[in-house]
Structure formats: structure tokens, C-alpha cells
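Working notes for the structure below.
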Amino acid sequence: MIPYNEALSIILANSNQIGIKSLKLTKATGYILAEDISTKYNIPFFDNSAVDGFGVRISDIVNLSPENPAKLRLIGTIQAGDLPNIKLLPKTTIKILTGAPIPDDVETVVMKEYTKESGSYVYLYKGEDKWKNIRREGEEFRIGSRVLSRGTLITPPVIGLLATLGCYKCPVYLKPKISIIVTGNELIKPGKKLSKGKIYESNSYALVSAFNELGIYDLNVVSVKDDKKLIKKRLKKALRSSDIIVTVGGISVGDYDFVKDAALSLGVQTLFTKVAIKPAKPNYFGTFTNKKRNKTQFKKLVFGLPGNPVSALISFQQLIKPALLKIIGARSLIPFKTKATLTETLSKKPGRLEFVRGILEQKNSDLLVQPTKGQGSHMLGGIANANCLIYFPQEQKSLAKGEKVNVELLSWN
């Protein structure tokens with residue numbers, strides 16, 4: 001049995017990007033940029049108006065007031081998409097609509113609200129500073145400057161920015177193909193009639209949801225009985241077709257726990273089988289070296305999770321998720337943690353880091369954390385109602401009420 005930090009280090013050391021591909025912007029949301037993005041143009045590309053109003057020279061709008069307006073002759077209109085081919089003369093003005101290019105000699109734009117049109121003249125009742133209401137060329141990004149960095153999660157605003165730069169495709173990290181193999185004679189699918197000795201299979205549904213939350217949808221899920229030959233057959237197929245294989249159940253020391261032997265017989269290199277955490281002490285991790293893919297050697301990762309549903313989810317959160325984040329190119333691999341005041345005393349046997357399911361809330365200026373009811377590894381209600389995990393250090397026996405503790409926020413809450 002190895003400490004949690006050692007297990008995580010081993011996993012991350014064996015987790016690498018699969019490759020890079022170019023995706024159309026319409027397909028790129030949820031991926032992570034694989035390269036820095038620089039602009040080939042100044043952004044904005046040209047001086048343009050931020051408002052509907054009238055372009056003027058500063059010298060023509062000095063000391064204005066409602067009682068002392070400027071009267072300027074209207075010589076034309078420019079709207080968005082027009083060429084700014086009207087020359088502004090002294091004592092004249094040009095109607096300029098939002099987004100329209102700014103002609104030469106226009107030094108500011110007076111908002112329409114402070115003007116009044118009368119025939120071929122415009123009365124202006126308020127002056128403006130130079131360049132007021134004008135979006136200057138290159139004020140946001142200068143040509144050649146880096147706009148987006150490698151590792152940026154592609155969100156709707158990022159898509160909009162890429163389109164603004166003139167990109168119609170962008171380089172992204174490939175996402176892994178996943179196989180989930182759930183083992184157990186006692187399992188039946190939800191929707192079927194429940195009978196004694198059987199339970200509804202929930203782990204694959206929870207894990208698929210967890211993968212989906214990270215934008216990973218290329219998933220193959222199978223259920224298999226506790227049969228050594230069948231488990232080996234399914235695992236062999238998964239090693240051929242997937243980048244990451246996750247088995248659930250069958251990794252402890254019971255008479256029907258066949259996953260570790262099946263993996264070993266197929267050439268999977270076992271790196272650890274137990275981690276000093278609670279829940280989820282039985283935890284298998286191994287690697288399988290694939291033939292050349294994308295001209296690089298790629299190690300397939302094999303995770304064997306415990307069958308208890310809370311243990312499986314904690315294993316995903318603490319061991320699989322960081323690996324996935326590294327593979328898909330994320331900048332941050334470790335979940336956000338903060339300090340909170342514990343509302344009740346906790347105790348345990350030393351020797352394992354315990355992830356206590358909790359509810360974090362703010363009262364006045366304090367963050368308080370309350371352990372949920374139902375901390376058993378089979379009790380999904382406790383983790384379903386939790387919004388955080390309380391870190392109970394490996395060698396500590398107790399955490400006192402009122403003590404400041406480390407808590408990890410759960411992404412699904």
C-alpha cells in the first residue's frame with residue numbers, strides 16, 4: 001500500500017497527451033488549445049465608433065451647453081461596413097453609427113442623445129474629449145501579440161475571440177477513448193425488476209457522467225460476470241480499442257477478483273494495487289505500451305476501481321481526473337482547496353488519508369464545513385449531497401470541532 005501523493009505522482013508520470021488535431025470552431029468547445037494563438041491583425045482592425053452619434057473636430061465643440069450649442073452642417077452618414085471616404089471639414093459633422101469606421105479628421109464622436117438634427121444641420125449640446133466614444137485601432141491587441149495561451153479551455157467567449165482573430169479552425173489536444181468494464185454477478189440494469197441478491201448497477205452511470213463533465217464522450221461501457229475468461233476477453237478488446245481502461249470491481253483479494261490477473265496475463269505492467277486512502281484502498285493502476293500512434297509511443301492507462309460506488313467516485317476524483325486533465329492539456333491538474341472551520345469532531349484510525357464527504361457553507365465571514373450523514377463507501381446519498389471533501393490527514397487520529405481543515409470543492413456541486 002502506497003501513500004496517496006506517491007500514487008498520484010506515478011499516475012501523472014505515465015500520463016501524456018495523445019496528440020493534436022485542428023478542429024473547426026463549431027466543434028472545438030470543451031477542448032483545450034494545444035498552441036499559443038497570436039493575432040495577424042490589430043484588434044480592432046480600424047478606428048470605429050462605439051456609439052451612434054456625430055463625428056466632429058474638437059475645435060468645433062468648445063464650451064457647449066444646452067443654452068450654447070454648436071450648429072454644424074451635416075455632410076454625410078457612415079454606417080458599419082461602409083468605407084470612410086467622407087472628408088470632415090471645419091464647422092461640419094458626419095453621422096456615424098455604432099461600428100462604423102472613423103473618417104480622417106474626426107477626433108471625437110458626440111452621442112446622439114446630446115444632439116438634435118434640423119434639416120441639413122445638427123445642434124450639439126455637449127462637448128467631448130479627444131477620441132471619446134472611438135474604439136482605437138489595436139487598443140485591445142496589437143499585430144503579432146499573443147492573444148490566447150496553450151492550455152486555455154475553449155469556452156464560448158474563447159470561440160468568439162478566435163473568430164474575431166479570423167480563425168476558422170484551432171489546434172486542440174486529442175481526448176482519450178475510454179472503456180469502462182463493470183464486473184459482478186449481482187448487477188442488473190436500472191429499470192429491471194429487483195430481486196434478492198441483486199443490486200442495480202450504478203457505477204458505470206456515475207463514471208460516464210464524470211467523464212462527460214470533462215467533455216469526454218468517446219466511451220464504451222460493458223458489464224461482465226465474475227468469470228476469469230470473460231473478463232480477460234473484455235480487457236483484451238479494450239486494450240486494442242481504447243486509450244484508458246477503467247474496470248470496476250474485482251480488484252481485491254476475493255475468490256472472484258480476477259481483474260489483476262487478467263491484466264497481468266495481457267502484458268499490463270502493474271504499478272500499484274493499493275493506496276492509503278479511505279474510501280478506496282484497493283486501487284489498481286497499470287500501463288500498457290501501445291504500438292506507435294501519431295508517431296509517438298503512447299502508454300495506455302489501466303485503472304482498477306473498487307466496486308463500492310462511493311469508492312469508485314472518490315477514485316475517479318482523486319486519481320483518474322488529474323490524469324485526464326493532463327492528457328487533454330489542462331494547465332491545472334489539482335482540484336481547488338480552501339480552509340474551513342469544522343463543525344463537529346471527527347476521529348479515525350491512523351494510516352490512511354480519508355476523504356470525508358462534507359457540506360461547505362458561508363456564515364457571515366466564515367467558511368464552515370459539516371460532514372454529511374452516511375459516510376459508508378456504499379452510501380451514495382452522502383456524496384450526492386456533498387459539495388466538498390474534507391481532508392483527514394493520513395497519520396492523524398482526530399480533527400477537533402472548530403479546527404481549520406483543508407477542503408476540496410467538488411466540481412459537480
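Listed by position, the strands (runs of 3 or more DSSP E) inside region 1-117 whose residues that are in contact with a strand residue (DSSP E or B) (Cβ under 8 Å, 6 or more places away or on another chain), assigned by TED's automatic domain parsing to the domain that holds Phe211 and aromatic (Phe, Trp, Tyr) number at least 2 form an empty set. Checked against the criterion of being closer than 30 Å to Asn290 by Cβ and not aromatic (Phe, Trp, Tyr), the candidates Leu8, Leu72 yield just one match: Leu8. Across region 235-292, the number of residues qualifying as in a strand (DSSP E or B), touching a Phe, Trp or Tyr at 6+ places or on another chain (Cβ under 6 Å) and either surrounded by fewer than 17 Cβ atoms within 10 Å (Cβ to Cβ) or modelled with pLDDT under 95 (or both) comes to 1. I want to confirm something. Restricting to region 127-184 and keeping residues that are crowded, with 16+ Cβ neighbours inside 10 Å and of a type in the set (D, E, K, R), which single residue is farthest from the chain's Cα centre (by Cα)? Per the stated criteria, the residue is Glu128.
Inside region 338-366, residues that are more than 12 Å from Leu409 (Cα to Cα), among the polar types (S, T, N, Q) and assigned to a strand (DSSP E or B) make up a count of 3.
State all residues of region 379-413 that are under 16 Å from Thr345 (Cβ atoms), part of a strand (DSSP E or B) and not hydrophobic (A, V, I, L, M, F, W, C); if no residue qualifies, say none. Those that are under 16 Å from Thr345 (Cβ atoms), part of a strand (DSSP E or B) and not hydrophobic (A, V, I, L, M, F, W, C): Tyr391, Ser398, Lys404.
If you check every pair at least six apart or on different chains, which have Cβ atoms under 9 Å apart with a residue in region 262-284 that is under 19 Å from Ser15 (Cα atoms) and in the same structural domain as Val310 (by TED's automatic domain parsing) first and a residue that is modelled with pLDDT under 95 and polar (S, T, N, Q) second? Sorted first by the residue in region 262-284, then by its partner, the pairs are Gly267/Thr289; Gln269/Thr289. Yes or no: Ser120 surrounded by fewer than 19 Cβ atoms within 10 Å (Cβ to Cβ), in contact with a strand residue (DSSP E or B) (Cβ under 8 Å, 6 or more places away or on another chain) and among the small types (Gly, Ala, Ser)? Here the answer is yes, as Ser120 does meet what is asked.
For region 311-326, the set of residues classified as among the aliphatic types (A, V, I, L, M), farther than 11 Å from Leu207 by Cα and buried (at least 21 other Cβ atoms within 10 Å of the Cβ) consists of Leu319, Ala323, Leu324, listed by residue number. Can you confirm whether region 308-317 contains a residue that is among the aromatic types (Phe, Trp, Tyr) and either farther than 26 Å from Gly286 by Cα or in a strand (DSSP E or B) (or both)? The answer is no; no qualifying residue exists.
For every residue, the table says whether it meets (1) touching a His at 6+ places or on another chain (Cβ under 7 Å); (2) free of Cβ contacts under 8 Å to residues at least 24 places away in the same chain; (3) loosely packed, with under 15 Cβ neighbours inside 10 Å; (4) closer than 30 Å to Arg136 by Cα.
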residue: Ile11; (1), (2), (3), (4): no, no, no, no
residue: Ala34; (1), (2), (3), (4): no, no, no, no
residue: Pro69; (1), (2), (3), (4): no, no, no, yes
residue: Gln79; (1), (2), (3), (4): no, yes, yes, yes
residue: Ile86; (1), (2), (3), (4): no, yes, no, yes
residue: Ile96; (1), (2), (3), (4): no, no, no, yes
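For Val246, state whether it is more than 17 Å from Ile11 (Cβ to Cβ) and in contact with a strand residue (DSSP E or B) (Cβ under 7 Å, 6 or more places away or on another chain).
Here the answer is no, as Val246 does not meet what is asked.
Among all residues of region 360-382, there is none that is surrounded by 14 or more Cβ atoms within 10 Å (Cβ to Cβ), out of contact with any Gly (no Cβ under 8 Å at 6 or more places or on another chain), under 30 Å from Glu201 (Cβ atoms) and modelled with pLDDT of 95 or more.
The values are calculated or read from the model by the stated rules, or taken from the named source; none is laboratory data. Nothing here was measured: the structure is a model prediction, and the numbers come from that model. Here Cβ is always computed from backbone atoms with ideal geometry, including for glycine, and neighbour counts include all displayed protein chains.
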